[in-house]
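Read-outs throughout are calculated quantities, based only on the coordinates presented, and are distinct from any laboratory measurement. Note that the structure is predicted; figures quoted are calculated from it, not measured. Glycine also receives a Cβ, built like all others from the backbone with ideal geometry; neighbour counts cover every protein chain displayed.
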Amino acid sequence: MLEQALRGGAGVYSLQAAIAALHAHVARPEDTDWRQIAALYQLLEAIHPSKVVTLNRAVAVATAEGPEPAMALVDAAASGGVLEGYHLLHAVRADLLRRLRRRSEAADAYRRAIGLVGNEAERRFLEKRLREVSPEPAARSS
């Protein structure tokens, strides 16, 4: 199925299944074939254009190639404002900015994501990341 998907002969559901299979069939998360997942998302995006698919592709590209090439995909996903209320858009942007050491911009994106998230576990994770990129409070003088 995966080989068929990579040749471009598969449909939306086959591609989604192939992506899921690549995630599921590794012993450890670090063994995930992110380049292949990014390629599958690129095929999926070609036959089923979607801002969410573009955002998911950005995550795969960021993991496979680094944050810089992924940022253009995040910008494409953000264009038009369709995902403006989607916390994961801002969370992905924040993570990429954090990895690029653009701390102030990352903090702003984390705040936006926190303002939109509905899941408490995700909120705690985003708040932890926000603390990591926020400037340390100035030491008090005695």
query: List the trypsin sites (Lys or Arg not before Pro) in the range 1-101 that DSSP assigns to loop (not H, G, I, E or B) and whose Cβ has at most 15 other Cβ atoms within 10 Å. Which are they?
result: ARG7, ARG101
query: Which whole number in µm²/s is D for the range 1-136 by Stokes-Einstein, with the Kirkwood Rh taken over Cα pairs at 25 °C and 0.890 mPa s?
result: 157 µm²/s
- request: Per DSSP H run of n ≥ 4, the term is -39500 (n - 2.57); total these for the chain, divide by its residue number, and report the mean residue ellipticity at 222 nm rounded to 500 deg cm²/dmol.
  value: -22000 deg cm²/dmol
Pairwise centroid distance, computed over Cα atoms, of the range 13-55 with the range 74-133, Å: 22 Å
- line: Measuring from the longest principal axis of the C-alpha atoms of the chain, the long axis of helix 103-116 (C-alpha) lies at a number of degrees, nearest 10, equal to 70 degrees
message: Between VAL52 and ASP75, what is the label-point separation in nm under the 7 Å Cα-to-beta-carbon projection?
response: 2.5 nm
Relative exposure of SER104, SER134, SER14, judged by other C-beta atoms within 10 Å (fewest first): SER104, SER134, SER14
